[in-house]
Amino acid sequence: MPAASDYPALMFVVPALCRCGPMNDILRLCREFVKNDLRPLIFELGKAEQDNLHDEFSKLGINVHTFKGNRWNLALQAVCASKLIRNNKIRIVHSVGMRPDMLNALLKLTHPRLKSVATVVNITVDDTVALAGKLPGLAISKAWLGAFKKMNIVAAHSNGIGDYLSKNDLQKERLRVIPNGVDLDSFPLKDVSLSASMRNELGIAAKDFVIGFVGNLLPVKGLDVLFEALAKLPQEKHWRLLLVGDGPEEGNLRGLAKNLSIDDRIIWAGRQSDMLRYYAAMDIFCLPSRSEGLSNALLEAQASGLPSVVTDIPGSREVVRDDENGFVVPKEDPCKLAEALETMLDKGPQLEHMSGNARRRIAERYSSQSMARDYLQAYDDLG
């Protein structure tokens, strides 16, 4: 495989460079790319006013061009993108997200020599139905899938997403499975002194067993099911729930926690950027989602050596193996989730073995280096 500097010019098309899983993936990819002098251009279709990643890309010497018009004006976006393609001799356009994928498909029609790549981070129909309702969501998903069929390569974050795309008639030769990856240097196995310091800062007692969650507080994350499961745990168990994140469901979740009489055991940490400290405070990680692509938080937690309890959904079930680095339980089942959490509570010293397994699993398959290598191979295959 040639060095990255031998590749034709590359442009990423993204919705907005906000601090979220897919955009963090792009940042990690670019950090790996610049090591070999490949500096992609980035075209974002709208700018996140707060908590954006512009400074991070600037430090890498990567130029970001932000579309100034209405974010749904596909025609004008195509005009602006075409100008960037001509001026920078772009040969490969790599899109992430629904609007970027639609634009990428349009550019493929108007620039026949252009090579196009799309990354699919979730099962599209889940996203569109949640956003627009069932019937409109199904129609939008169909159009989105149609855009993928115009791409040269479509990269799915997980085997489950790949299976979904195959069932929707995406040709096998166009499809790759390229998991998102974690920078292992940024998420080492948790340090004992950092753990003690952070737990003290959060008011967590030495006897407390800390179950962690990281993510947006949205219905799709299944936190209502987690709360119901926690309410089923024996009262004498010294568990705490550390919630890192914010979102529109916070009010409803606080009300539910109070109704279930577990509100005094929950630490609401809000959105945080220095996640290493918060993972250090946790004993295990829990991701009770109803739908995921491949959660960055899960990968970071596992890299940090946190055994994890996850629901049986695409992505999560590919990372976690029962009684090896965690447990997989049916979604929407608080009883089974409670059983798995109680098993973790009772494992004691055995968790250290699961912790090592968690770290090894990530190092073998889900590093940022392996993600970058797979994408460079995909670009190389485009010819």
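Readers should treat all values here as calculations from the given coordinates under stated rules, not as data from a laboratory. The structure displayed is predicted, hence computed values, not measured ones. Note that we place each Cβ from the backbone using ideal geometry, even for glycine, and neighbour counts take in every protein chain shown.
Counted by neighbouring Cβ atoms within 10 Å, the residues 13, 328, 214 run from fewest to most as 328, 214, 13. Taking amide H as placed 1.01 Å from N in the peptide plane, residue 176 has its amide H under 5 Å from the amide H of 154, 155, 156, each at least 5 places away in sequence or on another chain. Cα centroid separation, region 326-382 to region 113-156: 26 Å.
Simple rule: put +1 on each Lys or Arg Cβ and -1 on each Asp or Glu Cβ in the chain, find the dipole, and look at 40, 179, 298; the Cα lying farthest toward the positive end is 40. In order along region 335-348, the phi-based Karplus estimate (6.51 cos²θ - 1.76 cosθ + 1.60, θ = phi - 60°) of 3J(HN,Hα) comes to 5, 5, 5, 4, 4, 5, 5, 5, 4, 5, 4, 8, 6, x Hz; Gly and Pro are listed as x. For the pair residue 113 and residue 218, label points projected 7 Å from Cα toward Cβ lie 3.9 nm apart. What lysines could a cross-link reach from residue 134, if we take a straight Cα to Cα line under 18 Å and drop same-chain neighbours fewer than 8 places away? Leaving aside lysines fewer than 8 places away in the same chain, those within reach of residue 134 are 142.
For the listed peptides 303-312, 88-97, a ranking on the average number of other beta carbons within 10 Å per residue, highest first, reads 303-312, 88-97. Could you tell me the calculated FRET efficiency between residue 373 and residue 66, based on Cβ-Cβ distance and R0 = 30 angstrom, to the nearest 0.05? Efficiency at R0 = 30 Å is approximately 0.50. In this structure, the amide hydrogen of residue 329, modeled 1.01 Å from its nitrogen in the peptide plane, lies closer than 5 angstrom to those of 310, 311, 312, counting only residues at least 5 positions away or on a different chain. Need the C-alpha centroid separation for region 186-265 versus region 271-318, integer Å. Region 186-265 and region 271-318 have Cα centres spaced 13 Å from each other.
A viscosity of 0.890 mPa s and a temperature of 25 °C, combined with the Kirkwood radius over C-alpha pairs in the Stokes-Einstein formula, give region 1-100 a diffusion coefficient of 178 µm²/s. Our helix-only sum for the chain, with -39,500 (n - 2.57) per DSSP H run of n ≥ 4 divided by its residues, gives a mean residue ellipticity at 222 nm of -13500 deg cm²/dmol. Taking the charge dipole of the chain about its Cα centre, with +1 at Lys and Arg Cβ atoms and -1 at Asp and Glu Cβ atoms, the residue from 220, 196, 266 reaching farthest to the positive side is 220.
In a reduced charge model with +1 at each Lys and Arg Cβ and -1 at each Asp and Glu Cβ, the chain shows a dipole moment near 1600 debye about its Cα centre. Couplings 3J(HN,Hα) of region 61-68, computed from phi: x, 9, 7, 10, 10, 9, 5, 9 Hz, in residue order, whole Hz [Karplus 6.51 cos²θ - 1.76 cosθ + 1.60, θ = phi - 60°; x for Gly and Pro]. Given the pairs 89/221; 190/232; 47/190; 221/347; 207/331; 68/331, which span a C-alpha to C-alpha distance of over 31 angstrom in this model? Over 31 Å Cα-Cα: 89/221; 47/190; 68/331. As I understand it, the value is the acute angle between the Cα axis of helix 350-365 and the longest principal axis of the Cα atoms of the chain; what does it come to in degrees, rounded to 10? For helix 350-365, the angle is close to 0 degrees. Its Cα centre serving as origin, region 192-365 has a Cβ charge dipole (Lys and Arg +1, Asp and Glu -1) of approximately 240 debye.
Backbone phi angles across region 115-129, fed through the Karplus curve with coefficients 6.51, -1.76 and 1.60 (θ = phi - 60°), yield HN-Hα couplings of 9, 10, 10, 10, 9, 9, 9, 7, 6, 4, 5, 5, 5, 6, 5 Hz in residue order; Gly and Pro are listed as x.
Each of the peptides 264-272, 78-86, 147-155 was scored by the mean count of other Cβ atoms within 10 Å over its residues; in descending order, highest first, they stand as 147-155, 78-86, 264-272. If a/c stays under 1.5 just call it rounded; otherwise compare a/b with b/c (prolate if a/b is bigger, oblate if not). Do that for region 234-276, with a ≥ b ≥ c from the square roots of the Cα gyration tensor eigenvalues. Oblate is the answer for region 234-276, as a/c is 1.5 or above yet b/c matches or exceeds a/b. Note on residue 73 and residue 193: the extension gain reaches 38.0 nm, defined as 0.36 nm multiplied by sequence separation minus the Cα-Cα distance.
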